[in-house]
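My questions will all concern the structure given below.
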Amino acid sequence: MKVEQNETRTRRGIYLLPNLLTTICLFGGFYAIVAAIDGNFGRAAIAIFAAMIFDGLDGRVARLTGTETAFGREFDSLADMVAFGLAPAIVCYQWGVARIAEYGAAWGRFGWIAAFFYAACAAMRLARFNARAAVQDKRYFEGLPSPSAAAVVAAFVGLAHDYDITGLPGLILAFIVTALAALLMVSRFPYRSFKDRAAGERVRYSKLLLVPLVIALIALNPPLVLFLLFGSYALSGPTGWAWLKIRKRPRESGGADTSV
C-alpha cells in the first residue's frame with residue numbers, strides 16, 4: 001500500500017511540473033502588462049521573452065514525462081493568449097498610443113486598432129492551431145506561431161525604447177510591425193516547427209557551437225539581435241512560399257513546351 005501511495009504522489013508531482021511551467025509563462029505575460037502600464041517597457045519585453053522560454057519548456061517536459069493531458073493543453077493555450085496575445089498588444093499600445101495621440105485623434109485610433117487587431121489575430125491563430133492539431137503536419141506551423149509574433153513586437157518595442165525612437169514615422173512603423181505580425185499569424189504560410197528533431201538526437205559539433213555564438217550575440221545587443229532573429233523567422237514563411245512558386249513556374253512552362 002505504501003508503495004502505491006508513493007507512486008501516486010510521484011505521478012501527481014510530475015503532473016504538477018508542466019502546469020507549473022505554464023503558470024510561470026502566464027505570469028510572464030501578466031507581468032509584461034503591468035510593467036507596460038507602469039512605463040517599464042524594457043522589463044515588459046524581457047517578461048515576454050521569459051514567458052517564451054517557459055512556454056517552450058512546459059510542452060517538452062510534459063512529453064518527456066508522459067504527462068500530456070487535455071487540461072494541460074487548454075491551460076497552455078489560455079496562457080499563450082495572455083502572454084503572446086494580450087501582453088504584446090498592450091505593451092505596444094502603452095508605448096505608442098500615448099505618443100502618437102499627440103499628432104491627432106485619428107492617429108490615436110489607428111494605434112489602438114492595430115493593437116486590438118494583433119490580439120484578435122493571436123486568438124484566431126491559437127484557435128486554429130487547437131482545431132487542427134490532430135491533423136496538422138508536426139514539422140510545420142500554419143501561420144507564424146504566436147510566441148514568435150510576440151517576440152517580434154516585444155523586440156521592436158525594446159529596440160525603440162533603448163534607442164529612443166520618437167516622431168510620427170517611428171510610431172507608425174511600430175504599429176505597422178504589429179499589424180504585419182498579426183497578419184502573418186493568421187496566414188497560411190508554412191513555418192518550420194523544428195519538432196521533427198528528437199530530444200536525444202545527435203547533432204554535428206559545428207551546429208552545437210552555434211548556441212554559445214547566438215547567446216554571445218544576444219548579450220551584445222539583446223533588442224537588436226532578437227528583432228533580427230525573430231524578424232528573419234517571420235519573413236521565412238512568405239519568402240519560402242515565394243521561392244517555391246518561382247521554382248515551380250519554369251518547370252510548368254518547360255513541361256508545356258515539350259508536350260507541344
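The values are calculated or read from the model by the stated rules, or taken from the named source; none is laboratory data. This one's a predicted model, so the numbers in the text were calculated from it and none came from an experiment. Cβ sites come from the backbone with ideal geometry, for glycine too, and all protein chains shown count toward neighbours.
Considering the range 28-50 alone, what residues qualify as being crowded, with 20+ Cβ neighbours inside 10 Å and under 14 Å from the mean Cα position of the chain (by Cα)?
28, 29, 45, 47, 48, 49
Of the residues that make up the range 96-105, is at least one touching a residue at least 40 places away in the same chain (Cβ under 8 Å), over 13 Å from residue 174 (Cα atoms) and over 16 Å from the mean Cα position of the chain (by Cα)?
The answer is yes, given that some residue of the range 96-105 is touching a residue at least 40 places away in the same chain (Cβ under 8 Å), over 13 Å from residue 174 (Cα atoms) and over 16 Å from the mean Cα position of the chain (by Cα).
What single numbered condition from (1) in a loop (DSSP other than H, G, I, E, B); (2) touching a Phe, Trp or Tyr at 6+ places or on another chain (Cβ under 7 Å) fails to hold for residue 47?
Here residue 47 meets the rest and fails (1).
I'm trying to understand the selection: among the residues of the range 81-110, which are part of a helix (DSSP H, G or I), of a type in the set (Gly, Ala, Ser) and either more than 15 Å from residue 165 (Cβ to Cβ) or out of contact with any helix residue (DSSP H, G or I) (no Cβ under 8 Å at 6 or more places or on another chain) (or both)?
Answer for the range 81-110, where residues must be part of a helix (DSSP H, G or I), of a type in the set (Gly, Ala, Ser) and either more than 15 Å from residue 165 (Cβ to Cβ) or out of contact with any helix residue (DSSP H, G or I) (no Cβ under 8 Å at 6 or more places or on another chain) (or both): 83, 85, 87, 89, 98, 101, 105, 106, 108.
Please find, among 90, 100, the residue that is at pLDDT 90 or above, surrounded by 18 or more Cβ atoms within 10 Å (Cβ to Cβ) and of a type in the set (Val, Ile, Thr).
90
Here's a follow-up. Any idea which of 85, 167 is under 21 Å from the mean Cα position of the chain (by Cα) and not β-branched (Val, Ile, Thr)?
On inspection, the qualifying residue turns out to be 85.
Let me ask another. Please give the number of the condition residue 144 fails out of (1) at pLDDT below 90; (2) under 17 Å from the mean Cα position of the chain (by Cα); (3) outside any helix (DSSP H, G or I).
With (1) at pLDDT below 90; (2) under 17 Å from the mean Cα position of the chain (by Cα); (3) outside any helix (DSSP H, G or I) applied to residue 144, the lone miss is (1).
Within the range 64-76, can one find any residue that is surrounded by 20 or more Cβ atoms within 10 Å (Cβ to Cβ), part of a helix (DSSP H, G or I) and in contact with an Asp or Glu (Cβ under 8 Å, 6 or more places away or on another chain)? Steps first, please.
Applying the first criterion (surrounded by 20 or more Cβ atoms within 10 Å (Cβ to Cβ)) to the range 64-76 yields 76.
Applying the additional criterion that residues be part of a helix (DSSP H, G or I) yields 76.
Filter once more, so that each one left must be in contact with an Asp or Glu (Cβ under 8 Å, 6 or more places away or on another chain): 76.
Within the range 64-76, one or more residues are surrounded by 20 or more Cβ atoms within 10 Å (Cβ to Cβ), part of a helix (DSSP H, G or I) and in contact with an Asp or Glu (Cβ under 8 Å, 6 or more places away or on another chain).
Taking the range 50-66, which residues are free of Cβ contacts under 8 Å to residues at least 40 places away in the same chain and either touching a His at 6+ places or on another chain (Cβ under 6 Å) or of a type outside the set (Gly, Ala, Ser) (or both)?
53, 54, 57, 63
I need the full set of residues from the range 34-76 which are of a type outside the set (Gly, Ala, Ser), closer than 22 Å to residue 223 by Cα and touching a helix residue (DSSP H, G or I) at 6+ places or on another chain (Cβ under 7 Å), in order please.
Listed by number, the residues that qualify are 37, 41, 43, 48, 49, 52, 54, 55.
Under the condition of being at pLDDT 75 or above and charged (D, E, K, R), which residue from the range 182-241 is surrounded by the fewest Cβ atoms within 10 Å (Cβ to Cβ)?
188
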